[in-house]
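The values are calculated or read from the model by the stated rules, or taken from the named source; none is laboratory data. None of these values were measured; they are calculated from a predicted model. Quick reminder, even Gly has a Cβ in these numbers, built from the backbone with ideal geometry, and neighbours come from all protein chains shown. Protein only, heavy atoms only, side chains kept; ligands, DNA and RNA dropped before computing areas. Shrake-Rupley method; radii C 1.70, N 1.55, O 1.52, S 1.80 Å.
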Amino acid sequence: MNWREHQRTTFLVASGLSTAGSFAGLTAKGWILIDGSNNPMLLALHFAVLAMPTLLVSGPAGVMTDRLGCESVLIRSQWGLFGAGLLGAIAIPLTDGGLQVSLLLLSTLLVGIASAYELSARNKYCALLVESPEQLAPYLTSFSVVFNVGKLVGPPLGGWLLAWTGAGTALAIDAATFLLPIASVLWLLSPDRSREQRSAPGASASLRAAWTSSGPVLRHVLRFTAVACLVGFFHPGLAPLMARDLLGPSPQALGLFTSVLAAGSISGGLVLQRHSRWLSHRPALLLGSCTLITALAQLGLARFSQPSTSGLGLAATFAIGAGTASLLSGVNLISQVGSPMAIRGRMAGLGQIAFLGGGGLSGLMAAALSLMIGLQATMALLGGTGLVLGLLELQRRHQLRLELRSA
């Protein structure tokens with residue numbers, strides 16, 4: 001392993017540990033909220049304050065990354081994550097009741113905001129750690145694998161920390177994990193800063209300018225991702241209902257369901273990482289295939305969503321995890337390797353808007369449809385729509401090619 005590769009591995013490991021700690025902290029805060037209030041709406045609010053602000057600030061995060069420089073924004077966002085985690089930790093011993101709930105929700109809100117800035121800056125920062133453009137694609141997709149591993153191990157880790165150390169200590173440990181990427185960026189990494197290109201002040205630094213200059217291929221990628229997420233990315237919000245129908249109403253059923261989703265996500269990420277260089281040149285093939293896999297899995301889950309066929313239902317759940325993870329990682333990969341260095345921060349922001357906007361609306365739409373026609377019919381309807389969408393993309397744009405830009 002050469003020096004540059006060691007640098008990349010160090011940053012990847014530090015980011016992975018902080019990701020696992022973040023999911024552990026979110027799990028711990030969710031348990032604290034429901035245990036103290038027995039109000040499920042607090043859980044919904046907890047998820048909302050994490051996800052929705054990210055949608056709103058992803059654009060400004062990309063603009064700031066391209067204006068101020070990715071390393072500067074990355075360090076600031078990591079300190080923001082640490083401060084947000086620390087706020088949740090000190091809220092436990094010092095407050096109680098409504099004030100404690102408010103501080104825990106504020107902590108999660110700040111985590112969501114800082115995460116948007118961290119993701120935009122990290123994507124662009126990765127290009128400063130690789131030695132050639134060919135290395136960027138597999139390195140970027142490595143973070144998808146790390147993220148999904150953290151999503152798999154973080155929740156049980158959070159539960160274990162709650163049981164063995166108490167709520168305050170569990171959240172303090174979560175906050176401490178954010179110090180690892182900060183230390184790695186400040187003292188262990190030596191990126192090639194001369195390769196970064198920043199946007200000049202003025203109209204050229206706007207999000208609209210990045211959208212216009214990104215080119216027709218990337219604009220199509222972003223539009224297709226938003227539509228694909230609209231019909232195929234509702235499972236994060238409806239996971240408790242899907243797990244109940246498939247496995248039963250116990251917490252263990254939800255845990256098994258989410259673990260299978262995470263395992264599928266990890267597998268999809270590994271496949272994408274292995275073939276990232278080839279697939280990054282073929283956006284229609286990558287995104288159309290991911291949409292098709294997800295749609296077929298939704299149709300399968302609609303057909304086998306009952307305890308008597310739980311094995312087939314879990315296989316479909318695994319495929320949903322693989323398809324959606326590869327779609328989200330794919331749009332991030334394509335938007336980075338296919339765009340000029342000067343706009344990569346804003347392209348990361350536009351990618352977040354595409355999948356978070358589509359996914360957020362998908363959850364609301366699926367919830368409304370399930371109240372009218374039932375969950376299984378909803379999965380069948382949206383799965384059928386996604387099937388048509390994926391097939392059309394593969395048929396009409398299978399020859400679409402993306403030019404690889406310099407890292």
Checklist entry - For residues in the stretch 203-244 being over 21 Å from the mean Cα position of the chain (by Cα) and of a type in the set (D, E, K, R), which is least open to solvent (accessible area, probe 1.4 Å)? => result Arg244
Checklist outcome for this item: Filtering the stretch 118-142 for residues that are open to solvent by less than 20 Å² (accessible area, probe 1.4 Å) and either small (Gly, Ala, Ser) or touching a Leu at 6+ places or on another chain (Cβ under 8 Å) (or both) leaves a count of 13
Checklist outcome for this item: Flagged in the stretch 295-315 as at pLDDT 90 or above and open to solvent by less than 10 Å² (accessible area, probe 1.4 Å), in numbering order, are Ala295, Ala297, Gln298, Leu301, Gly313
Checklist entry - Has the stretch 342-349 got at least one residue that is over 20 Å from the mean Cα position of the chain (by Cα), among the hydrophobic types (A, V, I, L, M, F, W, C) and in a helix (DSSP H, G or I)? => result yes
Checklist outcome for this item: Subset of the stretch 358-376, residues open to solvent by 40 Å² or more (accessible area, probe 1.4 Å) and over 23 Å from the mean Cα position of the chain (by Cα), comes to Ala368, Leu371, Met372, Ile373, Gln376
Next on the checklist: Six or more apart or on different chains, Cβ atoms under 9 Å: show the pairs whose first residue is in the stretch 1-14 and among the hydroxyl-bearing types (Ser, Thr, Tyr) and whose second is open to solvent by 80 Å² or more (accessible area, probe 1.4 Å).
Outcome noted: Thr9/Met1; Thr10/Leu188
Checklist entry - So which residues in the stretch 185-212 are in contact with a Ser or Thr (Cβ under 8 Å, 6 or more places away or on another chain), under 22 Å from Ser132 (Cα atoms) and either free of Cβ contacts under 8 Å to residues at least 60 places away in the same chain or assigned to a helix (DSSP H, G or I) (or both)? => result Leu188
Checklist entry - Of (1) over 30 Å from Arg282 (Cα atoms); (2) at pLDDT 90 or above; (3) among the polar types (S, T, N, Q), Thr95 satisfies all except one. Which? => result (2)
Item to check | So Ser115, is it crowded, with 19+ Cβ neighbours inside 10 Å and part of a helix (DSSP H, G or I) | outcome: yes
Checklist entry - Can you find a residue in the stretch 65-74 that is on the phi < 0 side of the Ramachandran plot, among the aliphatic types (A, V, I, L, M) and at pLDDT 95 or above? => result yes
Checklist outcome for this item: Of (1) at pLDDT 90 or above; (2) under 15 Å from the mean Cα position of the chain (by Cα); (3) among the small types (Gly, Ala, Ser), Ala51 satisfies every one except (1)
Checklist entry - Only one of Gly358, Gly374 is on the phi > 0 side of the Ramachandran plot and out of contact with any Asp or Glu (no Cβ under 9 Å at 6 or more places or on another chain); which? => result Gly374
Item to check | Arg401, sole failed condition from (1) assigned to a helix (DSSP H, G or I); (2) out of contact with any Phe, Trp or Tyr (no Cβ under 9 Å at 6 or more places or on another chain) | outcome: (1)
Next on the checklist: If I ask for residues that are part of a helix (DSSP H, G or I) and open to solvent by 60 Å² or more (accessible area, probe 1.4 Å), which ones from the stretch 386-398 would you list?
Outcome noted: Val388, Leu391, Leu392, Gln395, Arg396, Arg397
Next on the checklist: Considering only the stretch 168-176, I want to know if a residue exists there that is within 23 Å of Thr19 (Cβ to Cβ), open to solvent by 50 Å² or more (accessible area, probe 1.4 Å) and among the hydroxyl-bearing types (Ser, Thr, Tyr).
Outcome noted: yes
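Regarding the stretch 330-340, can at least one residue be identified that is within 30 Å of Ser199 (Cα to Cα), touching a helix residue (DSSP H, G or I) at 6+ places or on another chain (Cβ under 9 Å) and surrounded by fewer than 21 Cβ atoms within 10 Å (Cβ to Cβ)?
The answer is yes, given that some residue of the stretch 330-340 is within 30 Å of Ser199 (Cα to Cα), touching a helix residue (DSSP H, G or I) at 6+ places or on another chain (Cβ under 9 Å) and surrounded by fewer than 21 Cβ atoms within 10 Å (Cβ to Cβ).
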Next on the checklist: Residue under question is Thr141, and the condition is that it be within 16 Å of the chain's Cα centre (by Cα) and over 15 Å from Arg344 (Cα atoms); does it hold?
Outcome noted: yes
Item to check | the stretch 124-148, residues that are among the charged types (D, E, K, R) and in contact with a Gly (Cβ under 7 Å, 6 or more places away or on another chain) | outcome: Lys124
Checklist entry - Is there any pair with a first residue in the stretch 246-260 that is over 13 Å from Ser310 (Cβ atoms) and at pLDDT below 80 and a second that is open to solvent by 50 Å² or more (accessible area, probe 1.4 Å) and assigned to a helix (DSSP H, G or I) whose Cβ atoms are under 6 Å apart and which are 6 or more apart or on different chains, and what are they? => result Leu254/Pro240
Checklist outcome for this item: Checked Phe82, Phe47 against criteria (over 18 Å from Leu162 (Cβ atoms), out of contact with any Leu (no Cβ under 8 Å at 6 or more places or on another chain), part of a helix (DSSP H, G or I) and open to solvent by 30 Å² or more (accessible area, probe 1.4 Å)); the one match is Phe47
Checklist entry - Which ones in the stretch 249-283 are among the hydroxyl-bearing types (Ser, Thr, Tyr) and either open to solvent by 80 Å² or more (accessible area, probe 1.4 Å) or part of a helix (DSSP H, G or I) (or both)? => result Thr258, Ser259, Ser265, Ser267, Ser276, Ser280
